[in-house]
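The values are calculated or read from the model by the stated rules, or taken from the named source; none is laboratory data. Predicted model only: the values in this text are computed from it and were never measured. Here the Cβ positions follow ideal geometry from the backbone for every residue, glycine too, while neighbour counts run over all protein chains shown.
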Amino acid sequence: MNRLDNFKAGFIKENPVFALYLGLCSVLAISTTLNNAVGMGAAVIAVLVLSNVIISAMRKITPDEIRIPVYIVVIATLVKIAELLIQAYATELYVALGVFIPLIVVNCIILGRAEAFASKNTILDSAIDGIGMGLGYTVGLILISVIRQVLSSGVLNFSNPFTQQMIFEVRLIPQNFVIAMFSQPTGAFLTFAVIAAGVEYLRTRPAKKTKEVK
Amino acid sequence: MAELFTLFLTAVLINNIILSRFLGMCPFMGVSRNTSSAIGMGGAVTFVVVGASLFTYGLYHFILVPYSLQYMDLITFILVIAAFVQFTEMVIKKFSPVLYKALGIYLPLITTNCAVLFVALENIRQGFDFYEMIVYSFAVPIGFTLVLYLFSAIRERLDISDVPAPFKGNAIAMIVAAMMALAFSGLAGLV
């Protein structure tokens, strides 16, 4: 597999959220606003890339029997650093994401990529894989959060997480026609189910076509 | 006593770990294919959550706080949980090989079940005293087991019904979860 394919795999074919169903907890829970989604996505990309690089660098000296505890300690350390940095520099985001920042430790994507990819590949490939998978996760997260935010409040906005300055704000649906249910858990499950079915449809359709051509 | 009961009811029904906090989604999707493995999984998670909460709570208050090492909470908690899951796995393998086979890959994955780490962290964040901690650590996995059991019963029926092709499997299960979340949100009036 060349590097570009490796990078692209995380978007559709092996999209961690919709195709592999990994990291669902955080996707469903914090996808209420675009701000949360971008913040969470950035934190996950940073942790995923760094953990992939570190684990890949240590892959030859890590004993096979205790590899999982080693990975967990590496990931937990990185997440704690990320948590402290977010708390210091983007307090609003820290409050909004709450317990879901420390819970990045148990996000299946990170441990899954460490075990499935970084433990067997070179440092550069692992970093690329981390960026690809992390972006795939972030894109999925942003997609759900945009749909939910627009349907539940009618407004789409994004503000700078460090200064709270509003960058843009548009009202897409008039106040009287919003569906408040979409900010509730029910809306999260429904939005996810419909998108997952759509992705499933896209994934299975081209596969059939190429078979016919052959 | 009344406060403890309210805490219990809130954690089981109103702030249900799966339907309103979205934690423990992996086993929720993976092990909910039949009712008996749902009960087994629920039992294993309850055991791990209660055990790990006791350990982490003690560790935090008797070791981390006296030495001002609170920032190490995440790393120590996750190691305690990983060790405890390993222990549970060995116990189940010894006493119930059938259940061990049924749970399969999901047993070691309890380590990465967000519910366990969530309860350990929440006990500290909410500043629970000892009794509240015990009640909360029991209530959360009971809520988990309850919803997992109900969901698996629905899913057994879903297997024999005619579902549009792209929705087969996990997507339709999510729709079912959405309806259950709607039903459970009605219980918010209880407390």
Practice item. Of the conditions (1) touching a residue at least 60 places away in the same chain (Cβ under 8 Å); (2) outside any helix (DSSP H, G or I); (3) more than 16 Å from the chain's Cα centre (by Cα), A:Thr32 clears all except one; give me its number. Key: (3)
Point to revise | Wholly within segment B:1-97, helices (runs of 4 or more DSSP H) carrying at least 1 residues that are over 30 Å from B:Leu182 (Cα atoms), of a type in the set (Val, Ile, Thr) and at pLDDT below 85 | key: B:73-95
Review point. Is it true that some residue in segment B:85-101 is surrounded by fewer than 20 Cβ atoms within 10 Å (Cβ to Cβ) and in contact with a Gly (Cβ under 6 Å, 6 or more places away or on another chain)?
Key: yes
Review point. Could you say whether any residue in segment B:8-31 is more than 24 Å from B:Ile124 (Cβ to Cβ), away from chain A (no Cβ under 12 Å) and surrounded by 21 or more Cβ atoms within 10 Å (Cβ to Cβ)?
Key: yes
Review point. List pairs: first in segment A:68-85 and at the interface with chain B (Cβ under 7 Å from one of its Cβ atoms), second modelled with pLDDT of 90 or more and surrounded by 21 or more Cβ atoms within 10 Å (Cβ to Cβ), Cβ under 8 Å, 6+ apart or cross-chain?
Key: A:Val79/A:Val47
Exercise for review: Show the residue pairs that are 6+ apart or on different chains and have beta-carbon atoms under 6 Å apart, the first residue being within segment A:129-144 and of a type in the set (Gly, Ala, Ser), the second being assigned to a helix (DSSP H, G or I).
Suggested key: A:Gly130/A:Leu48; A:Gly130/A:Val49; A:Gly130/A:Asn52; A:Gly132/A:Phe7; A:Gly134/A:Val44; A:Gly134/A:Ile45; A:Gly134/A:Leu48
Exercise for review: State whether the residues of segment B:124-141 include one that is in a helix (DSSP H, G or I), over 13 Å from the mean Cα position of the chain (by Cα) and at the interface with chain A (Cβ under 10 Å from one of its Cβ atoms).
Suggested key: yes
